[in-house]
Amino acid sequence: MSTITPAAEHLSQALRFKTVSHKDMSKMDLSQFSAFEAFLEETYPLVHEKLEKMNISKHGLVFHWKGKDSGKRILLTAHYDVVPAGDSGWPFPPYSGHIEDGKIYGRGSLDDKGSLIGILEAVTALLEESYEPSIDIWFAFGFDEEVGGAHGAQKIAAYFQEQGLTFDYVLDEGGAVADGSMMGIEKPVAVIGVAEKGNTSFKLTFKGEPGHSSTPPKKTAIGEMGKFISAVEANPEKPRLTETLKAMLKAIAPYKKGIAGFVLAHPDIFAPVIIRILMGNRQTAAMLRTTYVFTMTEGGTAHNVLPHSAECTVNVRILQGDSPEAVLKRFEAIGIPFTAELLMGDKPTKASDVDSQGMNHLRTCIASVFPDAVITPYLMTGGTDCRHYDQVTKDAYRFSPFRVSEEELELIHGDGEYLSLEKLQNMVEFYTLFLRGVS
């Protein structure tokens, strides 16, 4: 039977706060966020006593741990907001923090309160032994990452810029230790996100002649929208290998047997073959090109009335080297008139150095906690708060220090989300090791 540690009890308590974020802050129950902050003060008194604390946008939490050399600094980030959860499909209520069978159930356990609690447990352990870091360490905990981070991480990054603070590197959530079978190797793979695809959404409006459905015109708003959607889906972007993906392939090449290892070690030569293989899996295919997904449509108010306009929303995940402007030009080239409204315009991030001091320290810590894992950089197709810190750091790395199966990945934003006691212990161990070794 797994022992319920103080860290597990603390995460369980943290999950009971319904810190659900929304694009419109007026629709957020900010009392839950204030209560969560009070919980952190009560639970981690040493952190609040020894570290300098700042509130940005009231609920963005920033801590400064002064080191021996204040000329160097790094930043660790996490977020404490969560996506909504309904009660159906959960073995226990989603905001209960229920612990059973070695698992802590609750919305946000994997994404991302587990990281936040793991970090604070590690800082507390080091403070209890009077540890003084060799350089300055900063922590930034956002409260609206799930809806883009406009009020949290974005404002925190602006604060850093105003203060003239830059960081050697940032460590945020992101990759994890996954089953290597997806990449065709027997060992588990620790993937470190060194870049993110852009996350852009447009609302497109198509015009048509209004009137009665009994006398239809040649073109209708919904018909034009439908043709446009079909044209986009029928003509996906040409796949290509970015430098980040090439680095990933070279990292796993030594663990592939026979000719496969040789092929992956020379991605420039064998690009067509590699692309064909990677396109066979949804996860790896998304790393090869800018993707378009239509997520919402709206048009019409009655079954027999032609609407004046029809609207659709398209979410675009933009590969490095591409841009939102180029995407719109490709849409316009289809030849079906529309007007576009930019709903969200996050561009691709820069790619971080895979051989920096920070990356090597990260590798060392991963190898200590997960000794059987193959460590590789990769391109994140999802988004994190980390992207907002691009202007205040040389490099940004995205890694969540726990093993995760494909089934558990499906629990993120899904029903029945949980973090095992073992995984939480791995996280505390990793962050303690990481913070102790920062230089």
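Values quoted throughout were computed directly from the atomic coordinates according to the rules given, and no laboratory measurement underlies them. This is a predicted model, so every value here is computed, not measured. Every residue, glycine as well, gets a Cβ built from its backbone with ideal geometry; the counts of neighbours run over all protein chains shown.
A few points about this structure:
- Each Cα pair under 8 Å and six or more residues apart adds its separation to the average, and for the stretch 52-202 the resulting relative contact order is 32 percent.
- Converting phi to 3J(HN,Hα) with the Karplus coefficients 6.51, -1.76 and 1.60 and the offset θ = phi - 60°, the stretch 382-392 yields x, x, 9, 4, 3, 4, 6, 9, 4, 7, 10 Hz in sequence order, with x at every glycine or proline.
- Length-normalised contact order for the chain - Cα pairs under 8 Å, 6+ apart - percent: 25
- Estimated FRET transfer efficiency (Asn55, Asp29; beta-carbon r; R0 22 Å; 0.05): 0.75
- Share, in percent, of DSSP beta bridges within the chain that are antiparallel, nearest 5: 65
- Highest-MSF residue in the chain out of Ile336, Ile252, Ile375 [GNM, Cα springs under 10 Å]: Ile336
- Percent breakdown of C-alpha pair distances by 10 Å bin, ordered from the shortest bin, for the stretch 252-339: 13, 29, 25, 17, 10, 5, 1
- In this structure the amide hydrogen of His98, modeled in the peptide plane, comes within under 5 Å of the amide hydrogens of Tyr105, none closer than 5 places in sequence on its chain.
- Modelled FRET efficiency - R0 25 Å, Gln13 with Val83, Cβ distances, 0.05 increments: 0.80
- Note on the chain: GNM, Cα springs under 10 Å; of Phe202, Phe270, Phe370, the largest mean-square fluctuation is that of Phe270.
- Pair His48, Val305: separation of 7 Å Cα→Cβ label points (nm): 5.6
- Estimated FRET transfer efficiency when R0 is 22 angstrom, pair Lys250-Ser323 (beta carbons, to 0.05): 0.25
- Anisotropy class of the stretch 108-174 from Cα gyration tensor, a/c 1.5 cut: oblate
- Separation in nanometres of the label points that stand 7 Å from Cα toward Cβ, at Asp415 and Lys257: 4.1
- GNM top mover of Glu186, Glu37, Glu341 - the chain, alpha-carbon springs below 10 Å: Glu341
- The length gained by stretching the chain between Leu165 and Lys72 to full extension, at 0.36 nm per residue less their Cα-Cα distance, is 32.5 nm.
- Rounded, prolate or oblate (a/c below 1.5 giving rounded, otherwise prolate when a/b exceeds b/c) for the stretch 359-425 by Cα gyration tensor: oblate
- Across the stretch 62-124, Cα pairs under 8 Å and at least six residues apart give a relative contact order of 32 percent.
- In sequence order, calculated HN-Hα J values of the stretch 285-291 (Karplus, 6.51, -1.76, 1.60; Hz; x Gly/Pro): 4, 5, 7, 9, 6, 5, 10
- Axis of helix 114-128 versus longest Cα principal axis of the chain: the two differ by about 20°, to the nearest ten degrees.
- Magnitude of the charge dipole for the chain, about its Cα centre and with charges confined to Cβ atoms of Lys, Arg (+1) and Asp, Glu (-1), is about 1560 debye.
- Dipole of the stretch 229-334 [Lys/Arg +1, Asp/Glu -1 at C-beta], most positive-end residue of Thr313, Ile259, Ser323: Ile259
- Full extension of the chain segment joining Arg276 with Ser405 gains 43.9 nm, where the gain is 0.36 nm per residue of separation less the Cα-Cα distance.
- The stretch 135-272: C-alpha gyration tensor shape, a/c 1.5 cut-off, then a/b vs b/c: oblate
- Counting only the Cα atoms, the chain fills a convex hull of 159 Å³ per residue.
- Separation of the stretch 169-184 and the stretch 206-264, taken as the distance between their Cα centroids, equals 25 angstrom.
- Computed log₁₀ I(q)/I(0) - Debye formula, equal Cα scatterers, no solvent, the stretch 1-110, q 0.19, 0.21 Å⁻¹: -1.09, -1.22
- Here the extension length gained between Gln391 and Lys219 equals 57.2 nm, from 0.36 nm per residue of separation less the Cα-Cα distance.
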